1. Which of the residues spanning segment 312-332 are surrounded by 14 or more Cβ atoms within 10 Å (Cβ to Cβ) and either over 18 Å from Asn352 (Cα atoms) or modelled with pLDDT of 80 or more (or both)?
2. Quickly run through segment 405-442 and pick out the residues that are closer than 21 Å to Asp214 by Cα and acidic (Asp, Glu).
3. Select from segment 281-296 the residues that are in a loop (DSSP other than H, G, I, E, B) and of a type in the set (A, V, I, L, M) and write down the one among them that is farthest from the chain's Cα centre (by Cα).
4. Would you mention how many residues in segment 412-432 are under 25 Å from Ser257 (Cα atoms) and either assigned to a helix (DSSP H, G or I) or touching a Phe, Trp or Tyr at 6+ places or on another chain (Cβ under 7 Å) (or both)?
5. In segment 300-311, is there at least one residue being at pLDDT 80 or above, within 32 Å of the chain's Cα centre (by Cα) and in a strand (DSSP E or B)?
6. Is it the case that some residue within segment 211-233 is outside any loop (DSSP other than H, G, I, E, B) and hydroxyl-bearing (Ser, Thr, Tyr)?
7. So Ala415 fits all but one of (1) surrounded by 18 or more Cβ atoms within 10 Å (Cβ to Cβ); (2) under 20 Å from Ile217 (Cβ atoms); (3) among the small types (Gly, Ala, Ser); what number is the exception?
8. Could you check segment 355-411 and list, in sequence order, the residues that are within 30 Å of Ala335 (Cα to Cα), part of a loop (DSSP other than H, G, I, E, B) and acidic (Asp, Glu)?
Amino acid sequence: MTELPKVLDEAPGSSKEPSFFSNLYENLNQNPYFNAGAGLAGIGIAMSFLRRTAQISNTYFRRRFMITLQVNNEDAAYPWLLDFINKRSATQTRNLSANTVVHQAESGKTELSISFLPGHGTHFFVHDYRWIKVERQREKQVIQRDGVRTPFETVTLTTLGSDVKFFKQMLEHSAKEAIDNAETGLVIYQAVGPQWVRFGVPRKKRDIESVVLDGKICEQLLQDFQEFIGSAEWYADRGVPYRRGYLFYGPPGTGKSSFISALASHFGYSVCLLSLSERTLDDDRLNHLLNTAPPNSVVILEDIDAAFVSREDPMSNHPAYQGLSRVTFSGLLNALDGVACAEERITFMTTNYVERLDPALIRPGRVDRKQYFGNATDGMLRKMFARFYRQPSDSELAEQFVQLVSEHKKELSPASIQGHFLMHKQDPRGALDNIKNMFRSV
C-alpha cells in the first residue's frame, strides 16, 4: 500500500517568516562582542547602583548614628581640647607635636615649658567608654592672632551615637580642666588718685586650707561668701541692695588679712586695698573709689579703728587721734551704704579693737557679719603642727607640742607659732625642744 504524503492546509497569509526584531535579537545574541559588552555594561550598572546605595546608606548612617564636633584654632577652646585629648591618648598615639614656650625675666632667669599635643593626622582615644576618632588638619590659608601669622587648623571629633550632649559635656569638661589648672595669681589693686591701679605683679594664690582657724569658722565663712555671690537675683527680686560687709576683729597676728587674701584667691576675686589714714583721701574720693572698684574684687579697709574711734570713747578727743584723716565719719557712712552706693560690692573691715568702733559704723546694713579671730587654741596648735610638718593630726609629736604649749598658760597668736616653725623648717623635734623661745617675746 502506498502512503500518501500529508498535505498541510495552510491558510493564506499565515506564513511564519522570521520578523525583523527576531532576526536582530538572534544576530546580536550570536555576536560574541556584543555579549561581552552587554555583560560589562550590566556589571557596571550594578556596581554603580551598589556604590550609590552604599553612599546613601553611609550618609544616612552618619546622620542618624554618628555625631561630630569640629573646632578650629581661632576658638579659645582649641588648645584646651587638644590637651584634653593628649592626656587621654598618650598611650594610644605616637604622632605628637611639640609646643615650646620660653619665659625670660629681666634679671636673666629663664624658664622653659614644653607641651605635647596630638600631631596632624588621625588619632583614636577612649572617653567615657566610647572610641573617638580625631582628625587634625592644617589648611593652606593663614590667620593672624596677636600679630603672628599661623596656619589655619581644625580638629574634628567623630564617634557613634545620636546625642550631641556627649561632646558638649566633653568640651565643658576640657574647659573646666584647663581653667582649674591655669596658673593665675591674686591681683592687688591700690588707690592712686581717683582710680584703682594694679600694685606689682599678681601674687601667688594662697590655699584656703593654709589659714588655720578655730572650729568651723573657715567653713562657715566660705559658705556665707558662696551664698552671697550666687544670690544676686534673690536680692534684686526683693529690692535689697546687693552688698555684703564683713568685720574681722581680734588680736594682731590671728590671720584676719591672710584669710581675706585666701578667700579672694579661692573664689577668683582680686583685692583692693584702701587706707583711710591716707592724707590725700577725702570724702569725695573715698565715695568714688568704693563705687568704682574693679569687677570681681573685694575692698579691704584695714585697721579701721586707727582712722575712726567711737564717739562714745573718751579717747576719741585724744591728740593722738586728731588729724589722722581728711575723711569724715559721716562721709564714710555714706560711702558704705548711701544713696549713691554701687551694687555688687563686698567690703572687709579689720580691726584689733572692736570696742573702739562707733556702733553706727558696724550696724547691720554696713556690716552684715562679724567674726572674731582669736589666738591659737589646742585644736589650732595641733592642726598647724600637723600641716607644717606633714604629719597626722593625731601624731605623738603633735600631741606633745600641744601639751608643752598648754603648760605655759599663755596665749600665742598663729603668726608667732608660724614664726617658730620657720626657725625649724625640717626639724619637728627641734621645734619641741626650743618651745620656750616662743614665750620670751610674749
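1. Across segment 312-332, the qualifying residues are Ser325, Arg326, Val327, Phe329, Gly331, Leu332.
2. Of everything in segment 405-442, those that are closer than 21 Å to Asp214 by Cα and acidic (Asp, Glu) turn out to be Glu407, Glu411.
3. Top of the filtered list is Leu281.
4. Here the count works out to 9.
5. Among the residues of segment 300-311, at least one is at pLDDT 80 or above, within 32 Å of the chain's Cα centre (by Cα) and in a strand (DSSP E or B), which makes the answer yes.
6. The answer is no; no qualifying residue exists.
7. (1)
8. Asp358, Asp368
The values are calculated or read from the model by the stated rules, or taken from the named source; none is laboratory data. Keep in mind that what you see is a predicted model, and the values were worked out from it rather than measured. As a convention, Cβ positions derive from the backbone with ideal geometry for all residues, glycine included, and neighbour counts pool all protein chains shown.
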